[in-house]
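Report on the structure given below.
The values are calculated or read from the model by the stated rules, or taken from the named source; none is laboratory data. Here the structure is a predicted model, which is why all the values come from computation and not from measurement. Please note: Cβ atoms are built from the backbone with ideal geometry, for glycine as well, and neighbour counts cover all protein chains shown.
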Amino acid sequence: MSVTRSGWQIYISSLVGKAGLILLIFMVVASIYVLATYPLDYGIRVWSNPKSWADNPITVPPTWVDFFTGRDLVTHHITITTTSKGTETIAGLKFKVYELDYDLEEDGFPTYLMIKIYNVSMYSERGVYFVINFTRPDGDEIRLITFAEVPPPNSDLPYIAFSKNEKIIFLSKERSVGFSLLTYINTKYNLNYTIDKLNEINYNKVLFGVPTEEGGDVIWKPLKGVYKINVYMLGEDKDKIAMLKAVFGGESYGFLGTDDNGRDLAQGLLFGFPVALAIGFFTSIVTTAIGASLGIISGYKGGRVDEIIQRISDVVYNFPFLPIIILIVFIISRMPGFPRLLAIFGAIVALGWPGLTILIRSMVLSLKQSQFIEAAKAIGASDRRIMFKHIFPNLAPFIFAQMIFFTPGAILAEAALSFLGLGDPNIPTWGQIIEESFRAGAALNGWWWWVLPPGLLIMLAAITFVFIALGLEPIVNPKLQER
Amino acid sequence: MIILGVPRYLGVKAFNLMLVLLGVLLLTAILFGATGLSDKILRAIISEEVRGYRAQLSQQKGLTPEEINHLVEEYKKNLEIEYGLDKPWYVRLPDMIRRIVILDLGTSKHMTSFTGSNQIRDIIVERVPYTVMLMTTAVLIVFAIGLGFGTWLSTKVGSLWDRGLSFFASISYATPTWWLALLLILIFSYYLDILPYGGLLSPNPPKEFLPRLLDMMYHAILPIMTLVLALSGSAIYIYRSILVSTATEDFVTVARAKGLPENLVLRRYIIRPSLHPILTNLVLGLAGSLTGAILTETVFNWPGMGRLYYEAILNIDEPLILALTYVFTLIYVAARFILEILYIVVDPRVTVE
């Protein structure tokens, strides 16, 4: 006689069982982290809000691709200052000076240069006057742009400008910057560029580079070193800028790159963990509950109830899954305000139950003949008591395994529906992220970081439950233990 | 033991499949009725006809604008009664089902057929062959691969290859088909640049038949490869399991004991009796290939019904989605019926009376 092993021992002794459990723990930990650190309305408040991503470079790969490209890509950099460095007198006028530093270490050009000015308090109706200068590592100082800001007539002082919307100046695109740069390069490097010729090459190359001659052509090479942006402000003594921000666009960003809205993909994909787990768990629990109860009732009660349940489950079981589920989700989501994910959940449940009902019914039919059921009947136990206390416990392990086995299907179905454009654009599920990448033509443009990771995560989630189901199989199906 | 004759057997199967079709029709008609979408479709059909009538009237001379308005109003009212818009949706249920069956669902707002018609029926009918072509090719290849590798692996139970297969099958099951399609585009179209991104033909397709066909086949490589990769993992796994369970039967042991050549044992004593469960799995695989075809067509812009689904969803085209669901169910039911006929061929018990 062999020693009877507990279900847990059998489960944990199998390789797939262990792997599945480890993956599940990983997914649960990631989900807990997200629930603890992300706001609950993350989708609407952050993910779908363009303001939260305005500073980011669009469709750039992760930073670690440096490892493969053989050249260090320029990393994204933001410099912020809230205090003035001091004052400086130019031509008898006293300017407040704000300085923003940037150290270009990589062998490349920042993809753009942008400056943002927040909340400027003005104590005089004459307003303020700004001069933005750019100092390069070679010591040259270029005046990029000048502009004035005046409070609207009859406004209360101090007036706060750029409070609702910050002032954004795209220095690497601004036309007047172009003219400043044109004068600078034509005098310093003896080039005879026209403004059109300058517009052809990006300003950022001129800002952060030096021209070299190669076979009669002018090639711009990046210039490493420390750059300074100096913002001079002329106004009253009390006038000040609350915050200044300079954004040096990177050629790469974060752990998983960005999409075409500049969204940090790592952040969105992390948010997908609890969503995928929730969809997988809830759909499989509800589907299994419905499927199993109907199967037990159908098998135990027999007669007309059995007939009706079997007819319906047979018809629904033979529905072509995807076309019907597309139709259901599509119609439900036409109702305004109805949460899309709930519609997907409902549709998967509505189509998912019959398989289990048919299986459970056949098991109940044979169980019904066993002596302990007859004994329970003989002592006058009610139908409900027999179904709950005698039949269900016998089938519980099998039902549990079926529930696990259904989970990857639910996760994959949700992803497929989201991919077809039936998901909720405000909630970053993995399927939703791939759908957006598909619409933006990510695969055609070679933006692999937007295509591969979400798909791999869907696979990871599905395989987790496949492994757990495989690990449970020998426990539920004792015949397999002999091998 | 109950032995049914061929007509009786097929009759029962056909009845069951008709029930499925009827179930789908009832479900769709109720969904569209209860949500008011069927009203919307009918109103669209009516307003189309009313517009035609008005155009026709305004060409006739001697009618004042008031008279035209009056006549049009009258005509519209008659149409509404004719189409049953004055009655609640559940009374109109049979009529709605009839409309779906004959695809009389009006016109599409945004899409036209390749020939320029915007009738739902025209748009769908011309796309059917492309989907059927993609699906049947993939199903046949998967069947061949599944049976070939399944047979080979069934002779190597417990080997490294065998264990590798169950791993491959799990991975293949967990891989979203549409994502696999994107992956293949990235590899073969973007990086290797040897296969087209999608579509049916090149931008300037050849006019002659044979080069045109070759061009189409060239474009079909990636979609078919996607479907085959997505479906073959589980197919090999299932066919192998079926063959292994037959191989442990007593009659196989007896055949071997008689000293029959292994080749013959495999062919006549293992594969032949396994064909019945294998066909059953082909039926189940059909549903998978249908799902796969919808998603694959979407990714590769293959002009079949699957791609049409995606476009209809993006354009919120209710009648088109309704019609597509029906036609997909029809194709599914038809394919199931063909397989039922194949059952008769492989299972002699059915033909014996």
Residue within the range A:161-169 that is on the phi > 0 side of the Ramachandran plot, free of Cβ contacts under 8 Å to residues at least 60 places away in the same chain and touching a strand residue (DSSP E or B) at 6+ places or on another chain (Cβ under 9 Å) present: yes
Residue match in the range B:289-299 (condition: of a type in the set (A, V, I, L, M, F, W, C) and more than 10 Å from chain A (Cβ to nearest Cβ)): no
Boolean, A:Asp264 is closer than 30 Å to A:Val451 by Cβ, among the acidic types (Asp, Glu) and in contact with a Gly (Cβ under 6 Å, 6 or more places away or on another chain): yes
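Of all residues in the range A:439-464, which are at the interface with chain B (Cβ under 7 Å from one of its Cβ atoms) and among the hydrophobic types (A, V, I, L, M, F, W, C)?
The initial filter retains those residues of the range A:439-464 that are at the interface with chain B (Cβ under 7 Å from one of its Cβ atoms), namely A:443-444, A:446, A:448, A:451, A:455, A:458-459, A:462-463.
Selection gives A:Ala443, A:Leu444, A:Trp448, A:Val451, A:Ile458, A:Met459, A:Ala462, A:Ile463.
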Within the range B:136-169, tally of residues that are within 13 Å of chain A (Cβ to nearest Cβ) and free of Cβ contacts under 8 Å to residues at least 12 places away in the same chain: 3
Condition met for B:Leu308 (part of a helix (DSSP H, G or I) and either more than 9 Å from chain A (Cβ to nearest Cβ) or surrounded by fewer than 23 Cβ atoms within 10 Å (Cβ to Cβ) (or both)): yes
Helices (runs of 4 or more DSSP H) within the range A:392-474 that include 3 or more residues aliphatic (A, V, I, L, M): A:392-417, A:442-445
Options A:Arg334, A:Arg361; residue that is in contact with a Ser or Thr (Cβ under 8 Å, 6 or more places away or on another chain), surrounded by fewer than 21 Cβ atoms within 10 Å (Cβ to Cβ) and either within 8 Å of chain B (Cβ to nearest Cβ) or not acidic (Asp, Glu) (or both): A:Arg334
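Conditions (1) modelled with pLDDT under 90; (2) not in a loop (DSSP other than H, G, I, E, B), marked per residue:
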{"position": "A:Asn199", "(1), (2)": "yes, yes"}
{"position": "A:Lys205", "(1), (2)": "yes, yes"}
{"position": "A:Glu213", "(1), (2)": "yes, yes"}
{"position": "A:Val231", "(1), (2)": "no, yes"}
{"position": "A:Lys238", "(1), (2)": "yes, no"}
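Residues checked against (1) surrounded by 22 or more Cβ atoms within 10 Å (Cβ to Cβ); (2) under 21 Å from A:Pro397 (Cα atoms); (3) modelled with pLDDT of 90 or more:
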| site | (1), (2), (3) |
| --- | --- |
| A:Ala276 | yes, no, yes |
| A:Ile279 | yes, no, yes |
| A:Phe282 | no, yes, yes |
| A:Ala289 | no, yes, yes |
| A:Leu294 | yes, yes, yes |
| A:Gly299 | yes, yes, yes |
| A:Ile308 | no, no, yes |
| A:Val315 | no, no, no |
Positions within the range B:316-334 being over 17 Å from A:Ile328 (Cβ atoms) and more than 10 Å from chain A (Cβ to nearest Cβ), in sequence order: B:Ala334
Residue among A:Asn202, A:Asn190, A:Asn165 that is in the same structural domain as A:Glu106 (by TED's automatic domain parsing), among the polar types (S, T, N, Q) and under 24 Å from A:Glu106 (Cβ atoms): A:Asn202
Among (1) of a type outside the set (Asp, Glu); (2) within 14 Å of chain B (Cβ to nearest Cβ); (3) part of a helix (DSSP H, G or I), the one test that A:Phe319 misses: (3)
Selection count, the range B:176-222, where residues are away from every other protein chain (no Cβ under 12 Å), loosely packed, with under 13 Cβ neighbours inside 10 Å and not aliphatic (A, V, I, L, M): 6
Residue match in the range A:400-415 (condition: within 14 Å of chain B (Cβ to nearest Cβ), aromatic (Phe, Trp, Tyr), in contact (Cβ under 8 Å) with a residue 40 or more places away in the chain and under 30 Å from B:Ile316 (Cα atoms)): no
Spans of helices (runs of 4 or more DSSP H) in the range A:1-75 with at least 3 residues assigned by TED's automatic domain parsing to the domain that holds A:Glu473 and farther than 21 Å from A:Phe465 by Cα: A:15-37
Residue in the range B:31-90 that is nearest to B:Ser108 (Cα to Cα), counting only those that are away from every other protein chain (no Cβ under 14 Å) and basic (Lys, Arg): B:Arg43
Test result for A:Pro428, assigned by TED's automatic domain parsing to the domain that holds A:Ile475 and surrounded by fewer than 21 Cβ atoms within 10 Å (Cβ to Cβ): no
Helices (runs of 4 or more DSSP H) within the range B:77-185 that include 2 or more residues more than 30 Å from B:Ser274 (Cα to Cα): B:93-101, B:120-125, B:128-154, B:177-184
Per-region count, the range A:355-388, residues of a type outside the set (A, V, I, L, M), assigned to a helix (DSSP H, G or I) and free of Cβ contacts under 8 Å to residues at least 12 places away in the same chain: 7
